[in-house]
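Everything below concerns the one structure shown next.
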Amino acid sequence: MDERAQDEGIAIVGAGLAGGKAAQTLRDEGFTGPLALVGAEAERPYERPPLSKGYLQGSEERESVFVHPADWYESNHVDLHLGATATSIDPVGGRVALDDGRQLSFGRLLLATGSRPRLLDLPGADLEGVRYLRTLADSDALKQALAGAGSVAIIGGGWIGSEVASAARALDLPVTVLEMAELPLLRVLGRTVAGIFADLHRRHGVQLRNGVRLARLYGDGGRLSGVELSDGTRVEADLAVVGVGIVPNTELASAAGLEVDNGIVTDEHLRTSHPAVWAAGDVASAYHPILKQHLRMEHWNNALMQGPAAARSILGSAQPYDEMPFFFTDQYDWGMEYVGHASGDDEVILRGDAVDGPFVALWVSQGRVRAGMHVNDWDATEQLRALVGREVSVDRLADESIPLAEL
């Protein structure tokens, strides 16, 4: 450990999963100095995946979403500032200004400020019945709204939209997904696998409207009645859930003069352009030493792993952050895990039953496996981790008589 770190206070701005796990790692790794954790929400650090999955559907208890028990922070001497917004940071002077006038000092700073939903810029977007899903409070409100809804429009067919569609269909609600692209999840999964997920939703009764543009949301008496498309078609709904992307919270970093480019730019050690400041989680555009490019990943595993990696880097570790991107989703009776980083133009090889499952998809480019995904094949996860990055012939990958472990 860098001995200077013990004499300097460390501040973490952003009390999500990345910030909470970073605080835990700092204590686990022997840091005993002053440690402050600042969060704009009133809730202590929690995990977001249940908000659109188990917690939203009522299969997970509220307490299960939190990163630590309520007394962990006091027991570990973490100065927790909840409901406090950082208004500015001064890396040179070592100060964080909060919206209540307080000033926190630091020797080293971790920015884990996360992201926020991209807002819908359309007439009627402020009607009652239009919901976003990002926070625990959002999930609570959406759970209540679903219980009283007559029909649901999902605006945006990404992960949030797809998972909320699954939750709404579990309640037997009529659901229409409105997606601007040719298919939901097209940008992430490519045409072949995105088509498989589209068929999954259709089999469960979801109405998919792909390649559409919205004109406005309309209502009566301030409440939503439906969504009007650019061609004049109307989709009736008394609840609309908007999932059209997120925006990284880079404002503090920009104002402090840190390099920002689709996130706070860091090196492979998660250090920003200022030597006393690190970044992790949704907000970090981190250089990946294996993939040799900057990546900003908006998934649970990235926050889970990057927070601790940044903490170790703050304490002097020379180990680069080289974790392969990983994400998962639960939709209907499908559980999916994906590892790697593919392009929608990569060749896709399917193994197994892509209708009833289980199955595996492999993305290949120039003879190298760039990414792998399984659906309901839980023995495949570690095999896919080992396979990504390897050079394997397409013929061998497509030969289902050859087990993944042998590949």
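Values quoted throughout were computed directly from the atomic coordinates according to the rules given, and no laboratory measurement underlies them. Note that the structure is predicted; figures quoted are calculated from it, not measured. So basically every Cβ, Gly included, is an ideal-geometry build from the backbone, and we count neighbours across all protein chains shown.
Summary table below
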read-out	value
Two-decimal Rg/Rh across the chain, once Rg and the Kirkwood Rh are taken from alpha-carbon atoms	0.99
Charge dipole (region 288-402, unit charges on Cβ, about Cα centre) - positive-most of V388, F328, F359	V388
Rough spin-label spacing in nm, given labels placed 7 Å along Cα→Cβ, for R187 and S230	1.6
Cα-centred dipole magnitude for the chain, charges only on beta-carbon of K, R (+1) and D, E (-1), debye, nearest 20	620
About the Cα centre, charge dipole magnitude for region 19-122 (Lys/Arg +1, Asp/Glu -1 at Cβ), debye	320
The chain: most fluctuating residue of D121, D172, D330 per GNM, C-alpha cutoff 10 Å	D121
Net dipole in debye of region 208-262 [+1 Lys, Arg Cβ; -1 Asp, Glu Cβ; about Cα centre; nearest 20]	240
In Å, descending, principal axis extents of the Cα set of region 219-295	55, 29, 19
Shape of region 130-244, Cα gyration tensor, a/c cut at 1.5	oblate
Fluctuation leader among P45, P91, P69 - the chain, Gaussian network, Cα springs under 10 angstrom	P69
Beta bridges per DSSP with both ends in the chain, % antiparallel, nearest 5	60
Relative contact order (%) - region 333-398, alpha-carbon pairs under 8 angstrom, separation at least six	33
Amide N proximity, region 175-218 versus N262 label position 7 Å along Cα-to-Cβ, cut-off under 17 Å	186-190
Cα-based radius of gyration of region 333-398 once divided by 2.2 N^0.38 Å, which approximates compact folds	1.02
Karplus 3J(HN,Hα) series, Hz, for region 301-306 with 6.51 cos²θ - 1.76 cosθ + 1.60 (x for Gly, Pro)	5, 5, 5, 4, 8, 6
Computed over the chain: relative contact order in percent, which uses C-alpha pairs under 8 Å that are six or more apart	15
Mean separation of Cα contacts under 8 Å, 6 or more apart, over the residue count of region 273-374: relative contact order %	17
C-alpha center-to-center spacing [region 355-407, region 14-83] in angstrom	35
Longest segment of the chain lacking trypsin sites (Lys or Arg not before Pro) that sit in a DSSP loop with at most 15 other Cβ atoms within 10 Å	1-101
Proximal lysines relative to K53, as straight alpha-carbon distance under 23 Å, when same-chain residues fewer than 8 apart are discounted	K21, K143
